[in-house]
Amino acid sequence: MAASADADFKTRLQNWIPKLVLSPSLAMMLVFVYGFILFSVYLSFTDSRILPSFGWVGWENYDKLWRLSHWETSLINMGIFASLYIVICTCIGLGLAIFLDQKIRGEGLLRPIYLYPMALSFIVTGTAWKWFLDPGIGLENVMHTWGWTSFEFDWIKNRDYAIYTVVLAAVWQTSGFVMAMFLAGLRGIDNEILRAAQMDGASNWNLYRRIIIPQLRPAFLSAFVILSHLAIKTFDLVIALTGGGPGRATELPATFMYSYTFTRNQMGIGAASATIMLMTIAAIMIPYLYAELREKR
Amino acid sequence: MGFLDIDNATKSYGAVEVLHKVDISVQEGEFLVLVGPSGCGKSTLLNMIAGLEEITSGEIRIKDQVMNGVHPSNRNIAMVFQSYALYPNMTVGQNITFGLEMHGVPKPEREKAMQEVAKLLQIEQLLDRKPGQLSGGQRQRVAMGRALVRNPDVFLFDEPLSNLDAKLRVDMRTEIKKLHQNLGTTIVYVTHDQIEAMTLSSRIAVMNGGYVQQLGAPQEIYDTPANIFVATFMGSPAMNVVPAKVTVLNGRPHAEVAVHDGSMAQLPFSQDNLAAWDGREILLGIRPETITDLDGADRKSSNIAQMANRIVVTEPAGSDTFVSMQLGGRDVIARMRSDAEVAPGQDFNFAVNMEKAVAFDPESEMRILP
Amino acid sequence: MSQATQDTAIRTGRVTRTLIYLVLLLFGLFYLLPLYVMLVNSVKPLEEITGGGMMNLPQVFTIEPWLKAWSSAQIGVDPTGLKPYFWNSIKMVVPAVIVSTILGALNGYVLTKWRFKYDTILFGLMLFACFIPFQIVLIPMARMLGIIGLAGTTWGLALVHVVYGIGFTTLYFRNYYAVFPTELIRAAQIDGAGFFQIFWRILLPSSGPIAVVSIIWQFTNIWNDFLFGASFADANSQPMTVALNNLVQSSTGVKEYNVHFAGAILAAMPTLLVYIVAGRYFVRGLMAGSVKG
Amino acid sequence: MRKFLKTKSLFVAGLLCTTSLAHAEDVEVLHWWTSGGEAAALNVLKDDLSGQGIGWTDMPVAGGGGEQAMTVLRARVTAGNAPTAVQALGFDILDWADQGALADLNEVAAQEGWDDVVPDALKAFAKHDGKWVSAPVNVHSTNWVWANKAVLDANGIAQPTNWDEFVAAVEALKAAGVTPIAHGGQAWQDATVFDAVAMSTLGPDGYKAAFIDLDEETLGGDAMKEAFDRMAFIRDNVDENFSGRDWNLATAMVINGEAGFQMMGDWAKGEFLNAGKVPGEDFLCFRFPGTQDQVTFNADQFMMFDQGGTVSAEQAALASAILSPSFQIAFNKVKGSVPARTDVDGSDLDACGQQGMKDLAAAASSGNLFGSMAHGHAAPASVKNAVYDVVTAHFNGEYGSEDAVTELVDAVSIAK
């Protein structure tokens, strides 16, 4: 509302208070997020190495970046990781939520068990996971001592499979959280619709497939946003679990960017990879945000 | 100058004008009802009076004070919302006195005012409850209490009864009417229910498409609707509107209407105004209650016409029986006494009280008679 | 049909139910496994761990590793254990969670109930900010903190967490307030309540469920953060995760796995507690807002 | 923001002006020595300083051989809040000195006569443009092989002195069903082995040409391919579970007799000693076959950050304490390395340590002392990591030796 010239004090006050209240958050956002993004994009065109410096080098960093074979590896890994992670988390989350919604005795006990991994960082659970996945002391070893000697589970040591152990641990951490979101969605569905569908003779399977799951669309969308943001930011997990190895087999863009910016003293290349990452994120998120926010208007 | 003046008020959102130059003047103690279908702009107008929406152009004055740009709380108005808008975290008592508290009224006075209002509305025993524990009717009372306690210049009601069940709605309607009669306050009341509009108001503004279609006393609007929209919107069942042709027989204009078998019935008008329309098409408006059997016809009427037609369906409704027939190619409803002897398929001799008949220009849809 | 007497409309047979319980329990085990490994090995003497048998229950039960991790393990030069860092974390987390939640609530309130031109775009900007990878802000953020004089302080750290948490808290509260009846706001306006009075008296008392979601989310994220804590804290404000990292990642010498595990569980204790205690409200809070359209 | 950052030196100068004066009486030390032994060693330094009334603010950031600490350092310097002293390795020191961020310690150095007692190879990293900027703590040498004597004896294996003997020894162990080589599959460990293999294959001149001068011809030459072939041989003789293993667990395999050899720096000794093993009796330490005369080294130093133009009394005291003979001995006894100054009495050190000191002095005087590529003393971090990438990818079988050589040339040229 634009205040009329003859508005009284209270009305005028009420017109600018909301904007005033929003402004600190906005200012912080503009400086600390968008300002920094611009800064980082700018750095990607400079010869920065150990600290920011401002010698303009044009596209050189991007050129170097695309010549690095393990940048490619990290992008491919990101594709594998993100798609598997999002799909598996969604499936497990939805499945568990549906099962848990069947008037399960002990739901109060199971729910926190499913949820708690989200509370832990991989700095905390990294070692336990590493042990568990290690064929020498972990699952494989345990199976062997239990007499199943042909059991093999050495993915974490295997260049081609290591990325899947990263997926496994990541799914462990977040699928319970996704479950909670779906459970919330399920609990919000009107029972009368379900009864009506049952009167129509729908089987349980059809009930879920045709009636319930389509109604969970908002939960799917929320899950997608949260999962994709976690996938993009996955960093601690890789560092704690594989350190990017074996070799560079589990390198992700986030770890790539970190290592170039901070441990390899090639801040320019690091910034270039960050820029590409941000553009990818933007390409995925902006259409989504646009659709979501427009709808609500 | 009225008590509340709406002077050429216009509202637009961007380029879209949703209210067009509304001009209403409300007198002190008047009960104005804004009625119309959803999206007609009635709630927008109410919100503009309340100060919840800005006025794009024009003026709103209360007691000759221009209210444009004045904060809602400084207009000395009170509002009852459709959902009652009771603050869920406060008790009934706190809900009622919240406005006073915001205006800095000291606690003892607030208490006193609250007790008075609670007594008036018979909700004393509810004062410590939370809104979630109340029934619909009780919430309605609390919402009114919250408005009353402020002792405002103008009460605004935004469809306050639409969330109640049918019986309660009727009771509350009566209650509001009583309250208005006892307190003599000025009320602007928004509803889409024309019965509420008729029963409660001292004047009605019928709105559609952002225009005030007609402003007047209830009976005036009922008897002489300004146009087809008002005619069909007000009254239940709605006024029958059928195409007819004006023929002047014996110097008197008649409406020539086709009955079920295509033969023509001639219905004489009471007035002569339509002589100029001789031979032209009009739309004839007949209220259901003016079509009866011969015994049920209004004895005071000086112009009862007879018309033979075939009954299609009968719907006994206890107090009345509704009878439908074909007239002018349309379904027409007649409202008969419950003991009228009618049966589907029967050829029946109807009495039409042409004194109450209305005629519209089929092109402009405006009333041309009476 | 007897559905009317049943709470849920879905009915399942006995076999299906058994299967469902089985699956649920299996997943429960899957989720518990790492915690089990950590717990079991944190109460074993070191020899027992190096002797192998990660999954075995302890033969000798000892509480020693826990005591050591808490109060006497070597974190850097001083054998202080994790204790002092625990308080550093608390001092950082509490204000950061409170401020970011309050700001998120206010933003959500403005964005839903005091709409103005371009507010959706502003919200979109805030939401997109959630996706920024934190690694790229380290250097410019450090410079900023230096300029405003908060470098190396708990307050500086809290500020950083507030900045990068607002996007999420705003999202949660905005979605929640979007379904909050606007008529209540209007009623309060007519009653004479101002911007903050409406927020404080009307909205906030009804925001319990979503506040729980926001607090849980922020609390766990901030508590578990390592990158910012390591980069922006100095010796007196290093949070628990950094200390845990120093304990676990020491480059040479004997790795005291039992102490490491005990320390890890200690570091995770507050977030675990939050999830267990408030988990119930969490689902309720999600229901109340954030997963609705 | 750009205004603040117009030129590099202005940028850093601006930072240093805002450097806090809060720790007037304290020194703040950023390091990653958090294990019990290391911390005990640092405590010697701390106590020394507190004897002089100087407080010690400890700022440990462990992880990744100092990678994490370097990130933190960058944030601290950018924030204008640089610590007094920071543990650092090789080229990192020079990089920071290039930024103009380090203090000028010449005064202290002159007083204490550092120029005379610190070997030139170390000075190359501790001095920048003729200015002392850093105080070296120790010298690690990285081309060691650790062996379980009992295992070797049981299989009739003598200490190998060249590659062929080493191959024979490995084959013998393999035939006996012992894991020949204990190894942890982390990039820096792969590179540590590669360092030694390259030194033995290319010879000292080739090593220098390839990794210090970054000569493309040598990097892409046949000898380099041979070095990679030898890496492949080593890869074939480690156990299946090597990937991601910490180095000390690999050492434990040698200690326990599960494996015969481990190629690792001298810090591995601490593990043997902790396990109660006696050098020469229970385990052997010798130079990697074919590098008997060479020493590849890395040195821990404390670089001193400029605290506003002058070297404060505390900072000077810290620097001089680090290079004091008593601390050098006390620290290196615990750490397994040898003192950074050559004039100290090493009689307190054990057999391996004394051997190390002798080797170092000999190598230094004969020009056979080289900075370790794997530990950032041959080339800057960017190049080091580029080499890591290739070595570790090759070691994990991503490509063969031929491709590895091409990749190496390419990666180094990108990183240069």
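The values are calculated or read from the model by the stated rules, or taken from the named source; none is laboratory data. What you see is a predicted model, and the numbers here were worked out from it, not measured in a lab. Because the Cβ atoms are built from the backbone with ideal geometry, glycine has one as well, and the counts that use them run over all protein chains shown.
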Pull out all pairs, ordered by first then second residue, where Cβ-Cβ is under 8 Å, the residues are six or more apart or on different chains, the first lies in the range B:64-75 and is more than 7 Å from every other protein chain (Cβ to nearest Cβ), and the second is at pLDDT below 85 and surrounded by fewer than 16 Cβ atoms within 10 Å (Cβ to Cβ). B:ASP64/B:MET1; B:VAL66/A:ASP6
Across the range A:194-226, which residue is surrounded by the fewest Cβ atoms within 10 Å (Cβ to Cβ) among those that are aromatic (Phe, Trp, Tyr) and in contact with a helix residue (DSSP H, G or I) (Cβ under 8 Å, 6 or more places away or on another chain)? A:PHE224
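Residues are listed down the side, and each one gets a yes or a no for (1) touching a helix residue (DSSP H, G or I) at 6+ places or on another chain (Cβ under 8 Å); (2) outside the structural domain of B:SER38 (by TED's automatic domain parsing); (3) not in a loop (DSSP other than H, G, I, E, B):
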position: B:ASN68; (1), (2), (3): no, no, no
position: B:ALA85; (1), (2), (3): yes, no, no
position: B:ASN89; (1), (2), (3): yes, no, no
position: B:ASN95; (1), (2), (3): yes, no, yes
position: B:LYS112; (1), (2), (3): no, no, yes
position: B:ALA118; (1), (2), (3): yes, no, yes
position: B:GLN140; (1), (2), (3): yes, no, yes
position: B:ARG146; (1), (2), (3): yes, no, yes
position: B:ARG150; (1), (2), (3): yes, no, no
B:LEU45, sole failed condition from (1) more than 18 Å from B:ALA143 (Cβ to Cβ); (2) of a type outside the set (S, T, N, Q); (3) not in a helix (DSSP H, G or I): (3)
Among the listed residues B:ASP158, B:ASP171, B:ASP153, B:ASP165, which satisfies the condition of being within 14 Å of another protein chain (Cβ to nearest Cβ) and more than 28 Å from C:TRP200 (Cβ to Cβ)? B:ASP153
Grab the helices (runs of 4 or more DSSP H) fully contained in the range A:131-222, keeping just those with 2 or more residues being among the charged types (D, E, K, R) and facing chain C (nearest Cβ under 10 Å). A:191-199
Identify the residue in the range D:165-188 that is assigned to a helix (DSSP H, G or I) and modelled with pLDDT under 90 and, among all such residues, is nearest to A:LYS157 (Cα to Cα). D:ALA187
So for the range B:211-227 (the condition being more than 14 Å from B:VAL358 (Cα to Cα), of a type in the set (A, V, I, L, M, F, W, C) and assigned to a strand (DSSP E or B)), does at least one residue qualify? yes
Within the range D:273-306, the count of residues that are part of a loop (DSSP other than H, G, I, E, B), more than 30 Å from D:ASP164 (Cα to Cα) and in contact with an Asp or Glu (Cβ under 9 Å, 6 or more places away or on another chain) comes to 3
Which residues, counting only those in the range D:348-378, are part of a helix (DSSP H, G or I) and aliphatic (A, V, I, L, M)? D:ALA351, D:MET357, D:LEU360, D:ALA361, D:ALA362, D:ALA363, D:ALA364
Could you grab me the full set of residues in the range D:49-100 that are under 25 Å from the mean Cα position of the chain (by Cα) and more than 14 Å from chain C (Cβ to nearest Cβ)? D:ALA88, D:GLY90, D:PHE91, D:ASP92, D:ILE93, D:LEU94, D:ASP95, D:TRP96, D:ALA97, D:ASP98, D:GLY100
Restricting to the range A:90-113, what's the tally of residues that are at the interface with another protein chain (Cβ under 8 Å from one of its Cβ atoms), surrounded by fewer than 14 Cβ atoms within 10 Å (Cβ to Cβ) and not in a helix (DSSP H, G or I)? 1
How many of the residues making up the range B:256-277 are more than 13 Å from B:GLY329 (Cα to Cα) and either touching an Asp or Glu at 6+ places or on another chain (Cβ under 7 Å) or not aromatic (Phe, Trp, Tyr) (or both)? 10
Filter the range B:21-44 for residues that are among the β-branched types (Val, Ile, Thr), in contact with a Ser or Thr (Cβ under 8 Å, 6 or more places away or on another chain) and within 24 Å of B:LEU179 (Cα to Cα); which is surrounded by the most Cβ atoms within 10 Å (Cβ to Cβ)? B:VAL35
Look at the range C:164-188 and say how many of its residues are surrounded by 23 or more Cβ atoms within 10 Å (Cβ to Cβ) and free of Cβ contacts under 8 Å to residues at least 12 places away in the same chain. 1
In the list D:ALA69, D:ALA62, D:ALA24, D:ALA41, which residue meets the criterion of being modelled with pLDDT under 65 and of a type outside the set (D, E, K, R)? D:ALA24
Residues C:PRO65, C:PRO79: which one is farther than 24 Å from A:GLY93 by Cβ and touching a residue at least 12 places away in the same chain (Cβ under 8 Å)? C:PRO65
Is it the case that some residue within the range C:138-155 is closer than 30 Å to C:SER237 by Cα, small (Gly, Ala, Ser) and in a helix (DSSP H, G or I)? yes
For strands (runs of 3 or more DSSP E) lying entirely in the range B:253-370, having 1 or more residues that are within 24 Å of the chain's Cα centre (by Cα) and among the hydrophobic types (A, V, I, L, M, F, W, C) picks out B:281-286, B:291-293, B:320-327, B:330-337, B:358-360, B:367-369
Out of the range D:155-191, which residues are farther than 14 Å from D:MET263 by Cα and charged (D, E, K, R)? D:ASP164, D:GLU165, D:GLU171, D:LYS174
Could you tell me how many of the residues in the range C:30-58 are among the small types (Gly, Ala, Ser) and under 27 Å from the mean Cα position of the chain (by Cα)? 1
Taking the stated definitions as given, is C:TYR118 modelled with pLDDT under 85 and more than 14 Å from chain D (Cβ to nearest Cβ)? yes
Regarding C:VAL213, is this residue assigned to a helix (DSSP H, G or I), among the aliphatic types (A, V, I, L, M), at pLDDT 90 or above and closer than 24 Å to C:ILE132 by Cβ? no
So which residues in the range C:62-88 are assigned to a loop (DSSP other than H, G, I, E, B) and among the hydrophobic types (A, V, I, L, M, F, W, C)? C:ILE63, C:ALA73, C:VAL77, C:LEU82
Quick test for you: out of B:ILE311, B:ILE304, B:ILE291, pick the one residue that is modelled with pLDDT of 90 or more and closer than 26 Å to B:ILE221 by Cα. B:ILE291
Picking from D:ALA316, D:ALA362, which residue would you name as being at pLDDT 85 or above and closer than 30 Å to D:ARG230 by Cα? D:ALA362
Tally time: how many residues in the range D:101-111 are away from chain A (no Cβ under 14 Å), crowded, with 18+ Cβ neighbours inside 10 Å and outside any loop (DSSP other than H, G, I, E, B)? 2
